[in-house]
Structures are given as structure tokens and as C-alpha cells.
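The next block holds one structure in the form of C-alpha cells; read it before the comments.
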Amino acid sequence: MGRSKPVTLIAGGAGFIGSHLCLRLLGEGHEVICIDNLQTALPSNLGRLKGRPGFTFVEADIVQPLPEAVTARAGEIGRVYNLACPASPPLYQIDPEHTMLTNVVGTNNLLRLAEKSGARFFLASTSEVYGDPEVHPQQEEYRGWVNCTGPRACYDEGKRAAETLTFDYARTGRAEVRVIRIFNTYGPHMSPDDGRVVSNMLCQAIQGDDITIYGDGTQTRSFCYVSDMVDGFVRLMEAEIDGTEPVNIGNPVELSMQELADEVVRLTGARSRIVYRPLPIDDPRRRRPDIARAKALLDWEPRVPLREGLTQTYHWFAEELGRAERVKAA
Ligand code: UDP
């Protein structure tokens, strides 16, 4: 890959997408330092990383000044990925102030490190920067329709501010940057307690519980399998492009939450009932990425169809929940 410095820092590397990214880079022979405060990370995700050659874990919160264990290695770090932030609405809303600061102060701390190291900086931004979009599908030029006073704002506005900081560092020549806008992503190693729709519905189906649709189920999302997402990350980070534009990465196959629930029932053969619960405030009505830029710049497009990805994820959750049951029974 032609990197001058071999070490990659991944903030949030113990999380769902982060742990997949760590494994991918370790598998390619890179040395990885993972910094994570373990706020939402599944312990087993860290478990499958620890002890691998080239892997170092530092438990720390990026809102605080970065620890010596990281700053002492600034001279070796050639890539900085910032994935650190809870991404599930019920989880990022537990401590909204901390969510906002993670994105603003935390991102700035990592940008400063990238500047000092001369490292390329990667921000994991989000389709949430488009808010409840009036434009469909969402292109990167669309500036979004976000409520800055609502319960989702700590995340949406936090990520928008993180993008602003990142592009300011690029504009002023302080860091070379890449910004990805992640659309809904799912796959093995999500936390069963994550609270998002794919993990909720699959776990409900496996346990024979009611499957919860919020609202009437007509709202849409477009779900990307995690290996496709991580492939987009690496392609964007390593692309020799002018990084001053964000890039959408997501699967453009859009479906309603009713269709997703029906698919989960079909696929799992569950006897669960589908029940309807109140729609959360400011829940976006529709979401689908326009991925023309990712195709043109990175030659990237998703490969894993929803049914295949859901099947893989279902098997993983079934095993994970079975393991938890066995531990409880012991
Ligand atoms: N949702 C649902 N049932 C659930 C969890 C979520 O119907 O058990 C809905 C939620 O209201 C939203 C969509 O599924 O319309 C996606 O929600 P998620 O929290 O997964 O992601 P985000 O809203 O951040 O896109």
C-alpha cells in the first residue's frame, strides 16, 4: 500500500465496525493501535483482537487528552481512523453531552495527533448528517435537514461539526483527510443490545419475542453488510485522491421497516408477532445512498445481498444468544 509509516491508530476499534476494520488490517500485516473507552463495545469483540500479532489496545476516552501510550508513538503513526462514538440512537442519547463532545473535542484531539504525526486522517461520518432528508436518494452535495434542538442532534450535529473540523484541517493544510458517510450497517458482532432495527428484529425472532416496528413501518432504510462497509473504508483511506469531499458508502437497496420485519420472519421461520410501537422523535422517513461518487472514485459497490447478509447475521446472533443462555444456566 506504499505507507511510509506502518502503524494505524483506530479510535473506536473495539466497536462493531471498528473490530472488523482492525481484523482486516491486522490480516493484511499492519500494526494496529486501538483506542476505545469500551462504552458500547461488546467484550467479545476485543477478545478476538487481543493477543493477535501487531495489535495494541489502549483503554481511553478521546474526549480526554490522548494518553502517553498513544502520543509516545506519534512518530510511527501513518493512518488515523476515527470511529469512536456510540451510533445507536438509544445509546448515544443516554449521555448526549458526551456524544457531542466525543465528536467535537474527540475528533479535534485525533486531528491534532494526525497533524503531529503527518498521518492521513479518516472520519467515520454518517448519513445522519442529511437528517430527515427532503432529497432522495441522498447525494453528497445535499446539505441536509437536521433539527439542531431535538434528541438526535447530539449525534447528527456532532458529526456535522466533526466534518467541519476535519475539512478545516484539510483546507489549512494541517492534515490530509478522508471523510466517509456511513449508511445503516449490520452484520455479525453487533451487540444484541445495540437497540437498532436489524439486531432488535433478529434477536426478537430468535427468542420468539414480539418483533417491534416503530411507527407504521412505512419508513425506509438501506442496509449495508459490514464487510462491504469495511472494504469501502480501506479503499477510501488508501485512494490517492483529493480528500476534500465526503463519500457516501452504503447499499442502495432500500426497504421499509415492514418489509424488513417480514423478511426477518420469513428467513428465521419465527413464530413471533409483529407489534407496532411509537415512532421516535425526528426519526427519518426515508434514506438511500447515492453511491455514484464511491463508484467513480473508489470503484466500490456493495457485493453482499440483504438476504445473504441477514442469514450470516442471524446465525451469529443465534450462537451469541445461545452462549449467553448457557452462561446464565451454568
Ligand atoms: N426501528 C424499528 N424497530 C426497532 C428499532 C428501530 O422499527 O426495534 C426503526 C427506527 O424507528 C427507524 C429504523 O427502524 O425508523 C432504523 O432504526 P435504527 O435505530 O436501526 O437506525 P437509524 O434510525 O439510526 O437509521
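The values are calculated or read from the model by the stated rules, or taken from the named source; none is laboratory data. Predicted model, so just to flag it, every value in this text is computed and none were measured. Note that we place each Cβ from the backbone using ideal geometry, even for glycine, and neighbour counts take in every protein chain shown. Please note that ligands, DNA and RNA were not included when accessible areas were found on the heavy atoms of the full protein model with its side chains. Shrake-Rupley method; radii C 1.70, N 1.55, O 1.52, S 1.80 Å.
Looking across segment 221-235, the residues that are open to solvent by less than 50 Å² (accessible area, probe 1.4 Å) and away from the ligand (no atom under 11 Å from the Cβ) come down to Cys224, Tyr225, Val226, Asp228, Met229, Val230, Asp231, Gly232, Phe233, Val234.
Within segment 54-88, the set of residues being hydroxyl-bearing (Ser, Thr, Tyr) and touching a Gly at 6+ places or on another chain (Cβ under 6 Å) comprises just one member, Ser88. Is one or more of the residues making up segment 186-198 modelled with pLDDT of 95 or more, outside any helix (DSSP H, G or I) and more than 19 Å from the chain's Cα centre (by Cα)? No, segment 186-198 contains no residue that is modelled with pLDDT of 95 or more, outside any helix (DSSP H, G or I) and more than 19 Å from the chain's Cα centre (by Cα).
Scanning segment 116-145 for residues that are of a type in the set (A, V, I, L, M) and crowded, with 22+ Cβ neighbours inside 10 Å gives Ala119, Leu123, Ala124, Val129. Pairing residues of segment 186-205 that are more than 18 Å from Pro302 (Cβ to Cβ) and small (Gly, Ala, Ser) with residues that are near the ligand (Cβ under 7 Å from one of its atoms) and open to solvent by less than 20 Å² (accessible area, probe 1.4 Å), at Cβ distances under 7 Å and at least 6 apart in sequence or on separate chains, gives Gly195/Ser88. Counting only helices (runs of 4 or more DSSP H) wholly contained in segment 81-173, the ones carrying 3 or more residues that are away from the ligand (no atom under 16 Å from the Cβ) occupy 96-101, 107-117, 153-171. Within segment 271-284, residues that are more than 9 Å from the ligand (Cβ to nearest atom) sit with their Cβ atoms under 9 Å from residues that are of a type in the set (S, T, N, Q), at 6+ positions apart or across chains, in these pairs: Ser272/Gln204; Ser272/Gln207; Ile274/Thr212; Ile274/Gln258; Val275/Thr212; Ile281/Asn147; Asp282/Asn147. Criterion first (among the hydrophobic types (A, V, I, L, M, F, W, C), closer than 25 Å to Glu163 by Cα and surrounded by fewer than 17 Cβ atoms within 10 Å (Cβ to Cβ)) does Ile94 satisfy it? Answer is yes for this residue. What about Gly131, is it on the phi > 0 side of the Ramachandran plot and within 21 Å of the chain's Cα centre (by Cα)? Yes: the conditions hold for Gly131. When the residues of segment 174-197 are narrowed to those that are within 15 Å of the ligand (Cβ to nearest atom) and among the basic types (Lys, Arg), which ends up farthest from Ser127 (Cα to Cα)? In this case the residue turns out to be Arg196. Taking the condition open to solvent by 40 Å² or more (accessible area, probe 1.4 Å), among the basic types (Lys, Arg) and in a helix (DSSP H, G or I), does Lys50 pass? No.
Scanning segment 198-220 for residues that are open to solvent by 40 Å² or more (accessible area, probe 1.4 Å) and either aliphatic (A, V, I, L, M) or within 6 Å of the ligand (Cβ to nearest atom) (or both) gives Ile206, Tyr214. So is Val104 touching a Leu at 6+ places or on another chain (Cβ under 8 Å) and surrounded by fewer than 21 Cβ atoms within 10 Å (Cβ to Cβ) or not? It is true that Val104 is touching a Leu at 6+ places or on another chain (Cβ under 8 Å) and surrounded by fewer than 21 Cβ atoms within 10 Å (Cβ to Cβ).
Only one of the listed residues (Val247, Val264) is crowded, with 20+ Cβ neighbours inside 10 Å and within 12 Å of the ligand (Cβ to nearest atom). That residue is Val264.
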